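This report concerns only the one structure given below.
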Amino acid sequence: MSDELKKQAALAAMSEVKSGMRIGLGTGSTAKHFVDYLGAEVAKGFECLCVPTSIATMKQAQSLNIPLTTLDEIDRLDVTVDGADEIDDRMQLIKGGGGALLREKIVAAASDKMVVIADTSKLVEVLGKFALPIEVNKFGLGATQNAVSAIMQDFKAEGGLVLRQQNDAPFVTDGGHFILDASFGRISDAKALSDELLNVPGVVQHGLFLGLCAKAYLADANGVKELG
Ligand code: 5RP
């Protein structure tokens, strides 16, 4: 999607934040714009306390003097604004394209409201065209891969399972885990798939965000439309 559309969605989501709020900061190229807009407001006196969902977002927020805290210091947030890889009309998401899904889900679940910002190309009828990121423990990788592959067969996945790579080595998340990208093609029962994946001991978390997103700002050439 064009950077301009990402900016429009991010700017629209600024309407969700008020001075004094505790805010979760998402990860990715769209969330990055939101953090930039928030930083500009902070420079003008806007007060907030924020929890970043990745080391990259933490560094960006620090560079903008956005006050940061952790979920050890505060247990709830008013709102989290984050990007998504796919969103359906039931506000179910696939996230984790940037590899931050675990922290993103912890922060979203600790928020009274999760707001997604994206362009309308992320809106899909059925989730699954984007390969589902699954964060897994490094220990027992082979066994976990086999277990996830078996689940993919049960769910009639149309594609394969790959260990995400970066610079010719396995990609490592901020939490020190690997990511498996599972190409389902279509995910007809996201809740059942979520339950199955979480039953695999080596699966730390997956990128299906179900019942977490309350609102989405989706930008296209005609403007920003709201979902939820
Ligand atoms: C990172 C994410 C991102 O929010 C998602 O990949 C969307 O990123 P972008 O805004 O760059 O398209 O889930 O883990």
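The values are calculated or read from the model by the stated rules, or taken from the named source; none is laboratory data. What you see is a predicted model; the values in this text were computed from it and never measured. Ideal geometry is used to build each Cβ from the backbone, glycine not excepted, and the neighbour counts take in all protein chains shown.
Data overview
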read-out: Hey, Leu71 within 20 Å of Ile106 (Cβ to Cβ), touching a residue at least 12 places away in the same chain (Cβ under 8 Å) and in contact with a strand residue (DSSP E or B) (Cβ under 9 Å, 6 or more places away or on another chain) or not; value: yes
read-out: Complete set of residues in the stretch 104-115 that are part of a strand (DSSP E or B) and within 14 Å of the ligand (Cβ to nearest atom); value: Met114, Val115
read-out: Any pair with Cβ under 8 angstrom, 6 or more apart, that starts in the stretch 13-33 at a residue that is farther than 9 Å from Val81 by Cβ and modelled with pLDDT of 95 or more and ends at one that is among the β-branched types (Val, Ile, Thr) and part of a helix (DSSP H, G or I); value: Thr27/Thr57; Lys32/Thr57
read-out: Selection from the stretch 42-87 of residues that are loosely packed, with under 14 Cβ neighbours inside 10 Å and among the charged types (D, E, K, R); value: Lys44, Glu47, Lys59, Asp72, Glu73, Asp75, Arg76
read-out: Number of positions in the stretch 2-20 that are surrounded by fewer than 17 Cβ atoms within 10 Å (Cβ to Cβ) and in contact with an Asp or Glu (Cβ under 6 Å, 6 or more places away or on another chain); value: 2
read-out: Residue in the stretch 88-102 that is buried (at least 24 other Cβ atoms within 10 Å of the Cβ), in contact (Cβ under 8 Å) with a residue 60 or more places away in the chain and more than 23 Å from Phe178 (Cα to Cα) present; value: no
read-out: Only one of Ile151, Ile87 that is over 19 Å from Leu227 (Cα atoms) and not acidic (Asp, Glu); value: Ile151
read-out: Residue satisfying condition, being over 19 Å from Thr53 (Cα atoms) and in contact with a Lys or Arg (Cβ under 6 Å, 6 or more places away or on another chain), within set Gly160, Gly228, Gly202; value: Gly228
read-out: The listed residue being within 15 Å of the ligand (Cβ to nearest atom) and out of contact with any Cys (no Cβ under 6 Å at 6 or more places or on another chain), out of Thr144, Thr120; value: Thr120
read-out: The listed residue being in contact with a Gly (Cβ under 7 Å, 6 or more places away or on another chain) and hydrophobic (A, V, I, L, M, F, W, C), out of Ala182, Ala157, Ala192; value: Ala157
